[in-house]
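Beneath this line is the structure, given in structure tokens, with notes to follow.
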Amino acid sequence: MTVATEAVAPSRAGMGAGVVALLAVAVFINYVDRGNLATAAPLMKDELHLTASQLGLLFSAFFWTYIPSQILAGWLAERINAYRTLALGLLIWSLATAATGLAAGFALLIVLRLILGIGESAAFPCSSKLLAHHLPEHRLGVANGAIATGLALGPAFGTFAGGLLMAHLGWRTIFLLFGCASLLWLMPWLWVTHEASPRGARASHIKVPSYRDLLTCRELWGACIGHFSSNYAFYFVISWLPLYLVKSRGFSVTGMATFAGVVYLVYALSAQLSGWAADCAMRNGASANRVRKISMVVNLTGVALAMLGCAVGNAGVCITSLLLAGAFFGPGTVNVYAIGQTLAGPHAAGKWMSIQNCLGNVSGVVGPLVTGFVIDRTGDFFWAFAVACAVTLLGLAGWVIMIPRIAPLAWPERT
């Protein structure tokens with residue numbers, strides 16, 4: 001696939017700050033609701049007599065539907081537009097979250113995690129479609145930084161506030177409360193976008209690359225490998241950090257919630273700053289290729305070293321390493337999506353991100369299962385952190401080698 005030699009992007013229609021803010025809030029809610037299980041894991045493990053392997057299955061089950069549903073979400077974003085698709089997805093995942101508070105056993109928890117995955121699959125294909133369609137390259141950093149901040153603050157709020165509330169009210173009440181509260185997002189979203197939705201539907205008649213075109217693109221496969229590696233350590237942390245801190249490092253539930261919340265706050269600040277810095281660099285003449293690739297090298301190397309520190313260090317080194325991991329997650333999340341949006345262009349971004357997020361999130365299936373198996377076999381987290389370090393470094397091949405240049409690709413003309 002060649003890089004477009006001339007600017008082929010259509011004129012941007014513009015995007016209000018309110019829409020970007022609501023996209024960030026939607027991703028915030030997305031990660032609060034998907035991460036509640038990890039925060040509740042120490043309590044649910046004891047109440048429902050779950051093994052580490054069963055918890056690994058619950059963490060993994062979300063991705064069994066989340067991954068293939070990315071393709072459906074990308075198709076719906078073109079068919080009924082990204083605004084309505086995102087609203088439908090949030091409705092589904094909020095109801096699944098609330099129902100989890102009523103679950104009485106392992107089997108029903110599995111079913112609800114599967115439904116949650118279907119609903120949450122809409123978030124990133126839809127947000128990427130909207131950002132790529134409305135914003136120029138030099139504004140994608142701050143916009144993706146806002147979304148990455150929502151991504152980071154979701155686990156921070158869910159772990160800190162959710163953990164503190166669970167310690168007093170129990171995990172069932174919190175799932176019911178958070179699920180119902182999530183539905184409130186629909187009111188401002190439908191009000192702010194009620195005029196934009198019909199315009200989005202009319203825009204669906206524009207010709208876009210087919211899934212076949214995308215799947216023959218080397219750069220897409222590089223992005224998928226890079227995304228998988230970038231996600232592995234993050235999902236390892238978001239799924240297992242609460243249990244690790246409580247069972248291996250002796251934290252109380254309240255202490256775990258406080259420290260994990262700090263890790264995610266560091267992540268949020270890093271994401272916002274790295275997005276701003278990327279936009280500033282490009283406005284000052286740096287190429288997207290240089291800015292994005294340097295950011296990904298810093299991200300992957302830093303996270304790998306943090307995982308290594310957790311594997312071999314004492315308690316103090318481990319705590320410091322986890323804080324550093326939060327700092328290095330920021331530039332990675334911002335650029336994972338900005339790279340795909342740039343390569344795909346405004347009309348292909350929804351489909352591109354549905355594939356990239358689909359294959360990249362296979363790590364969400366593999367990671368929890370591998371981690372649960374390793375913990376059950378070895379009795380500690382050493383090899384789990386070591387595997388996370390190795391997989392993270394694999395991402396350098398995807399982002400740096402398989403993508404020769406980060407710039408808009410020229411798609412074949414179709415009649």
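Only the coordinates and a few stated rules stand behind these numbers; no lab work does. Everything quoted here is computed from the prediction, not taken from an experiment. Here the Cβ is made from the backbone with ideal geometry for all residues, glycine too, and neighbour counts use every protein chain on show.
Brief remarks follow.
- Here the Gaussian network model covers the chain, with springs between Cα atoms less than 10 Å apart; of 161, 325, 132, 161 fluctuates the most.
- In order along the stretch 159-166, the phi-based Karplus estimate (6.51 cos²θ - 1.76 cosθ + 1.60, θ = phi - 60°) of 3J(HN,Hα) comes to 6, 6, 5, x, x, 5, 5, 4 Hz; Gly and Pro are listed as x.
- Taking a ≥ b ≥ c as the square roots of the eigenvalues of the Cα gyration tensor, the stretch 8-133 is prolate, since a/c reaches 1.5 or more and a/b is larger than b/c.
- Taken over the chain, lysine pairs spaced eight or more positions apart, or on distinct chains, with alpha carbons under 15 Å apart number 4.
- Rounded to the nearest 10 degrees, the inclination of helix 82-100 to the longest alpha-carbon principal axis of the chain is 10 degrees.
- Computed from backbone phi, the HN-Hα couplings of the stretch 42-47 come to x, 6, 5, 4, 6, 5 Hz, rounded to whole numbers (Karplus: 6.51 cos²θ - 1.76 cosθ + 1.60, θ = phi - 60°; Gly and Pro given as x).
- Across all directions, the shadow cast by the convex hull of the stretch 260-415 built on its C-alpha atoms averages 10.9 square nanometres.
- Dipole size of the stretch 108-237 about its Cα centre, with +1 on Lys/Arg Cβ and -1 on Asp/Glu Cβ: approximately 220 debye, rounded to the nearest 20.
- Remark: the stretch 135-144, residue by residue, has Karplus-estimated 3J(HN,Hα) of 10, x, 3, 6, 10, 5, x, 5, 5, 5 Hz, where x stands for each Gly or Pro and the curve is 6.51 cos²θ - 1.76 cosθ + 1.60 at θ = phi - 60°.
- Value in Å of the Kirkwood radius, where the stretch 80-217 supplies the Cα pairs that are averaged: 17.2 Å
- Put simply, the amide H of residue 410, placed in the peptide plane, has neighbours under 5 Å in 2, 3, 4, leaving out anything fewer than 5 places away on its chain.
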